[in-house]
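These notes are about the structure you will find just below.
Rule-based calculations on the coordinates, nothing more; no lab input. None of these values were measured; they are calculated from a predicted model. Here Cβ is always computed from backbone atoms with ideal geometry, including for glycine, and neighbour counts include all displayed protein chains.
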Amino acid sequence: MPMSDPARAELLRLLTTTQDRMPDIPLEEKEAYLYSISYRDFLGKHLDISEPEVFVALQYLTTDTSVGIEAARAGDALFYLCLPGVKATGMPAYEDRDDERYPHVRARKPYGRIAIANSDAGARAMLESAVEQAHRAVAELS
């Protein structure tokens, strides 16, 4: 997709920034904040993204949430969908994909005799992830 020079510069900044772009928000409040705003708002307010071409390029990467970037929560886009910008939050990176702080890990906790088993529970849209999660869920209920 052709992109103007200003849009390319914004996209490159989005992909490469490691600076905390939310320094005024205390660390313990950042996650709740990111789940209260849309991904598009996060991009505009905190990463100064304004070029329409950048928004168009990202618009449909949130299809797992069934909405576009203007309605997808920034927390879901960053932590579940792994869209660009997480390093700009100033939050520590989770090294372990099964870290309790990830939404997909919290959501797959058994509830009585109910266990979630699909590729989303493994945070990967791959068949092997669905099979691994089915195995995990059956083991948890056994």
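For this structure, a couple of remarks:
- Estimated FRET transfer efficiency (Gln59, Arg106; beta-carbon r; R0 30 Å; 0.05): 0.65
- Residue order, fewest to most beta carbons within 10 Å, for Asp24, Asp120, Asp41: Asp24, Asp41, Asp120
- Spatial offset of segment 99-142 relative to segment 59-95 amounts to 20 Å, using the alpha carbon center of each.
- For segment 15-99, GluC sites (Glu not before Pro) meeting the loop criterion (DSSP other than H, G, I, E, B) and having at most 12 other Cβ atoms within 10 Å: Glu70, Glu95.
- A straight Cα-to-Cα reach below 26 Å connects Lys45 with the lysines Lys30, Lys87, residues fewer than 8 places away in its own chain not being considered.
- Dimensionless Rg over Rh [the chain; C-alpha; Kirkwood]: 1.03
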